[in-house]
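The values are calculated or read from the model by the stated rules, or taken from the named source; none is laboratory data. Because the structure is predicted, anything quoted here is derived from the model rather than measured. Virtual Cβ from ideal backbone geometry, glycine too; neighbours counted across all protein chains shown.
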Amino acid sequence: MSKPAVYWQREIPIASEVLIKAARAQIPLVLSRSAPTGLTIDLAEELNITVAGFARGQRFSIYTHPERVLFSGESGTVRDDQQLVEEIRRLKENKKVYIIAHYYQRSEIQDIADFVGDSYAMAVAAKNSPYNIILVAGVDFMAESAAILCPGKTVLSPEPKATCPMANSIDVSDVLKFKKEHPEGMVVSYVNTPADIKAVSDICVTSSNAVKIINKLPREARIFFIPDTNLGKFVAGNLDRKLDLFPSSCPAHAHITKADILQRKAEYPDAEFLVHPECDPEVVSLADFVGSTAGIIDYATKSNKNTFIIGTECGVFHKIHQLSPDKKLVLAQEDLVCHNMKSITLKKILHSLETMETKITVPEALRDKAALALEKMIDYAS
Ligand code: 13P
Ligand code: SF4
């Protein structure tokens, strides 16, 4: 069955949930008789959905992504992403480019990728890339990790401005201060960090392996866990071990509150709550399962339950629905969108393949040191 090209909504203003559903179903245009709110326009912009409002007979107003609508007199024709997809597939085959995407990428990007995974699996996939050119559809530290792990290969980012505010919140001087005060201490850095931080770290971790890896480190060692304080608290609680933490967190996850979850649980009493450890410990304590994006997807698809409250970015819905189309998924909170992840579009990927831009490089002296921390992670995690 072919996908609908337009979602038609009658009188009520377009709600964020409608846009998220449309994005999930890969419906590129939402048409409504009423006008969208400012919030709806912002979200539609991020989700790459064309919003048309004030639809009356042959007339309507376009609020976002007008490039998808071709005008002929007064009637509109919807142009879908199919041409972009075909061109991307042709170019990536001709130029032998391996596309690696994160689960928070838009559905249409996950669909054209050669590999989709969590941040740990992306790093391993880059290392094992069958081609010499790798395009990373994810935020900057993900492309940088690929460049660190794959010397000699070309790593492309379709949007180098897509970044992780939490990764950028820590400075090398914060790490050096700890090292000076605790020369015997160890620095464990979340993979969500830039190369210069990895270069002064003893080992990297991701949310899928942080507990396992830190459990292998000497019990007596003083550990500075950077930069995500919520992930650090989750690890410390699991291992019953004190960690020195850095005061930073993910803007997309950390704003979910206990009240949001209690409300969702009241609305969906039979649902299980699955959460990413980047959320506040109060929220995490209410979960039936805590794990990385891959862990959440795996749990939801294998569970015999039908309804899940999802405490991570809405992008994971796509994979869960591909694997288990009948599962009902409810976002823990309406605004669970990583705007940096969503700033990557099919158009930018096509441009990147056409121009071979932007190449991500890490100065050799820094790359050598950062590679030690990343390679050690892969070694300890396996
Ligand atoms: P995962 O390692 O679970 O994919 O998480 C990456 C991330 O940035 C979560 O916000
Ligand atoms: Fe960074 Fe949060 Fe976006 Fe993950 S979801 S990339 S931690 S801002």
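Might you check whether a residue that is assigned to a helix (DSSP H, G or I), within 16 Å of ligand 1 (Cβ to nearest atom), at pLDDT 95 or above and surrounded by fewer than 24 Cβ atoms within 10 Å (Cβ to Cβ) occurs anywhere in segment 181-193? No, the conditions are met nowhere in segment 181-193. I need a count of the residues in segment 81-103 that are touching a residue at least 40 places away in the same chain (Cβ under 8 Å), closer than 15 Å to residue 158 by Cα and in contact with a Gly (Cβ under 8 Å, 6 or more places away or on another chain). The number of residues fulfilling the criteria is 2. Just one of the listed residues (170, 226) is within 15 Å of ligand 2 (Cβ to nearest atom) and in contact with an Asp or Glu (Cβ under 8 Å, 6 or more places away or on another chain), namely 226. Taken across segment 305-315, residues that are in contact with a His (Cβ under 9 Å, 6 or more places away or on another chain) and farther than 18 Å from residue 20 by Cβ do not occur at all.
Number of residues in segment 319-351 that are within 22 Å of residue 260 (Cα to Cα), out of contact with any helix residue (DSSP H, G or I) (no Cβ under 8 Å at 6 or more places or on another chain) and surrounded by fewer than 20 Cβ atoms within 10 Å (Cβ to Cβ): the value is 1.
Working only within segment 268-289, note down all residues that are away from ligand 2 (no atom under 16 Å from the Cβ), hydrophobic (A, V, I, L, M, F, W, C) and touching a helix residue (DSSP H, G or I) at 6+ places or on another chain (Cβ under 8 Å).
Selection gives 271, 273, 286, 289.
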